[in-house]
Each structure stands twice: as C-alpha cells, then as structure tokens.
Amino acid sequence: MPGLMNRASTIVKAKFSKMLDKAEDPGETLDYSYEKQLESLQNVKRGIADVVTAKKRLQMQTAQLEQSVVKLDSQARQALGAGREDLARSALERKSAVQQQLQGLDVQIQQLEAQQEKLVESQKQLQAKIESFRTEKEVIKAQYSAAEAQVRIGEAATGLGEQMADTGLAIQRAKDKTTQMQARAAAVDELVATGALDDLTDDQTDLDKQLAQISSQSQVDTELAAMKAELGTGAPRPGELPAGGDGQKEEQAS
Amino acid sequence: MIVRVMGEGQFQIADDLRARLNEIDELAEKAVERGDEDDLHVRLAELARMVIEQGERLPDAHLAPSDLIVPPSDLSLEEARDLFTGEGLIPDLPVPG
C-alpha cells in the first residue's frame with residue numbers, strides 16, 4: 001500500500017535520480033547545476049514578489065468594497081428615514097452582495113499570505129542547503145578517495161535535491177494560486193466596471209440620485225411650510241394652509 | 001528516521017511513530033479514493049502536526065535525505081491524484097546541459 005507519504009518520497013527520489021542520470025559524478029552535476037540552483041532561488045524571489053502583488057491588489061479591492069458597505073448602509077438609513085423602504089431594501093441587498101464578495105476576498109488574502117510565508121521559508125531552507133552542500137563537498141573531496149568521495153557527495157546531493165523538489169513545488173503552487181487570484185481580482189474589477197455591483201465606488205448611483213431627490217424635496221417642503229407659516233401669521237388669507245410636509249399649494253389657487 | 005513535511009522542513013522522529021503515521025496516511029489515501037477533500041486536508045494536517053510536535057526539527061543546512069515526505073496540508077484532490085500517477089505535482093529538477 002503506497003500511502004501519500006511514500007508516494008511523495010518515491011517521486012522526489014525519482015526526479016532526483018533522473019537529474020543525476022545525466023551525469024556520472026553527482027558532485028560535478030551539482031556543481032554544474034549550481035547556476036540552475038541560483039536560478040531557482042531567483043524564481044522563488046520572483047514567486048514571492050508575484051504573491052505580494054496579487055495580495056496588494058486584493059487588499060485594495062477589499063478597501064474599496066468596505067467603503068461601499070459603509071456607504072450603502074448609511075444610504076439605507078437615509079432612505080428609511082425618508083419613508084422609502086423600497087430604496088432602503090435595495091441598498092441593503094447591494095450591501096449584502098458586497099459583503100459576500102468581501103468574505104471571499106478575505107479567505108483568498110489569507111491563502112496568499114500562507115503561500116508567501118511558505119515561499120519565504122522554503123527559500124531560506126534552500127539557500128542554507130545549497131551553501132552547506134558547497135562546503136561539505138569540498139571537505140569530502142579533501143578527506144576521501146575519489147571513489148568514496150563520490151558516494152558521500154551523492155548522499156549529500158540527495159538531501160539537496162529533495163529540498164529543490166520541495167521548493168519547486170512551493171513555487172509552482174504559489175504560481176497557480178497567484179494566477180487564480182489575478183483572475184478573481186480581474187473578475188471583481190469587471191463586476192464593478194460593468195455595474196453588476198452597481199457602480200459601488202461611483203458617487204452618482206441611482207440610489208444616490210433618488211436619495212438626493214428625496215432630501216431636496218423634503219427641504220423644499222420644509223421651506224414651503226416655513227414660508228406658509230410666516231405668511232399665515234403676517235397676513236391672514238382665505239382658506240387655511242397645510243401645516244407642511246406634502247405641500248400641495250395648487251389646490252388653493254382660485 | 002527523518003521525515004520531511006513539505007514547506008516546513010525536515011524532522012527527526014522516533015522510529016516507532018512510523019506505524020501511527022502510516023495509519024493516518026492510509027486514511028488520507030481513502031479520503032482521496034472517496035473524493036473527500038476536507039477529510040484529506042484533516043488527515044494531512046494531522047500527519048504534519050504529529051511530525052512537527054513529536055519530532056525534532058533538523059537545521060536547514062542539514063543535507064540528509066528523508067525517509068518519508070508528508071505532502072502539503074492543503075493538497076487538492078487533483079494534486080493528490082497527480083501524486084499517485086507520478087505526474088504533474090512535483091516539478092522536474094533542473095537538468096544540466
């Protein structure tokens with residue numbers, strides 16, 4: 001029964017012997033591929049930078065969406081205060097849609113964070129092993145006969161090869177994750193752009209306009225009422241004026 | 001015995017821990033067969049935790065190869081299947097030439 005642990009171990013060893021098969025002397029192979037190892041370290045660094053960039057983008061989107069939540073919430077209150085339950089409902093519905101997006105983003109930012117930590121750790125380990133291999137190889141060469149040195153260097157090289165495989169997997173997974181995140185970030189951008197999330201960051205949404213209308217209307221009403229009251233006390237007229245609110249002055253025209 | 005927890009490093013563990021690790025590993029394998037990704041994650045995390053808690057972390061510069069390798073805890077089902085077919089999951093090492 002080859003479990004997952006044994007499979008992983010077997011595959012890593014197989015990958016490594018595939019690499020060693022290309023040369024007779026593992027010490028020389030590793031020497032020769034030292035450049036490659038440094039390249040793979042560069043790859044880790046690039047991988048880390050990509051993860052950080054993707055994370056920043058999602059964090060920016062999070063900040064945008066959080067503002068939208070606050071705004072939609074206050075709009076709902078404003079609408080309800082003006083007696084427009086329909087508008088309040090629509091604001092709250094949008095708020096809930098945005099909150100769902102936010103939750104998804106949150107999980108993904110955490111995942112990227114974890115990938116980043118793994119890569120940094122992996123890089124540290126690989127660097128330490130490359131360094132250690134270089135010095136150990138020289139020590140072994142100085143202390144043992146050529147044939148024996150080759151065996152011992154081969155053993156040390158296996159340990160390094162395993163780390164290279166581990167780091168290689170970490171880079172590959174981080175790349176996959178980063179690509180996924182970029183796609184997701186682009187999807188959120190697009191949602192915002194096409195208005196599926198209804199111009200959340202745009203100041204002139206439908207909701208805004210309607211709320212502005214309500215508030216200007218109620219201001220007009222208040223002023224009208226105030227004026228009517230003034231006129232009412234200053235010069236009494238036939239027919240009583242309404243106290244305010246839904247001022248329908250036309251009724252009194254004749 | 002030396003066990004590598006992928007992404008975490010290498011650990012020296014007591015040989016008698018192996019039987020317990022194999023039991024959990026078997027459950028992980030069954031989770032893959034059932035297509036139960038959540039359970040797979042639980043089992044892999046359990047393996048990693050056991051090794052990390054009961055083992056002794058080897059220094060980064062240590063060059064010995066591992067006897068067992070615990071795959072990453074968040075391994076997807078697809079990745080686990082790649083592991084069984086021997087393709088895809090672990091990238092090839094750089095070949096000189």
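Computed from the coordinates by the stated procedures, all read-outs in this text should not be read as laboratory data. Bear in mind that the values here come from a model prediction, so they are computed numbers and not experimental data. Cβ atoms come from the backbone with ideal geometry, glycine included; neighbour counts cover every protein chain shown.
Some points to look at:
- Per-residue shielding of A:169-175, expressed as the average number of other chain Cβ atoms within 10 Å of the residue Cβ, stands at 4.
- Shielding value for B:6-12 is 6, the average number of Cβ atoms from other chains within 10 Å of each residue's Cβ.
- A simple charge model with +1 on the Cβ of Lys and Arg, -1 on the Cβ of Asp and Glu and nothing else charged puts the dipole of the range B:2-83 at about 240 debye relative to its Cα centre.
- Net lengthening on full extension, A:Glu223/A:Tyr144 (0.36 nm per residue, minus Cα-Cα): 18.3 nm
- Modelled label positions at A:Ala63 and B:Glu33, each set 7 Å beyond Cα in the direction of Cβ, lie 5.2 nm from each other.
- Simple spin-label estimate for A:Glu190 and A:Arg77 gives 3.6 nm between the two label positions (7 Å along the Cα-to-Cβ direction from each Cα).
- Fully extending the segment from A:Leu38 to A:Lys56, taken as 0.36 nm per residue of separation minus the present Cα-Cα distance, adds 3.8 nm.
- Highest-MSF residue in chain B out of B:Leu40, B:Leu83, B:Leu63 [GNM, Cα springs under 10 Å]: B:Leu63
- Proximal lysines relative to A:Lys228, as straight alpha-carbon distance under 18 Å, when same-chain residues fewer than 8 apart are discounted: A:Lys249
- Protection-proxy order for peptides B:5-11, A:97-103, A:160-166, A:113-119, each taking the mean of Cβ atoms within 10 Å per residue, highest first: A:160-166, B:5-11, A:113-119, A:97-103
- Taking every alpha-carbon pair in the range B:2-83 and binning the separations at 10 Å intervals from zero gives 19, 51, 27, 4 percent.
- Taken residue by residue and averaged, Cβ atoms of other chains lying within 10 Å of the Cβ of B:71-77 number 4.
- Straight-distance candidates among the lysines for linking to A:Lys56, with alpha-carbon spacing under 16 Å and chain neighbours fewer than 8 residues away dropped: A:Lys175, A:Lys177.
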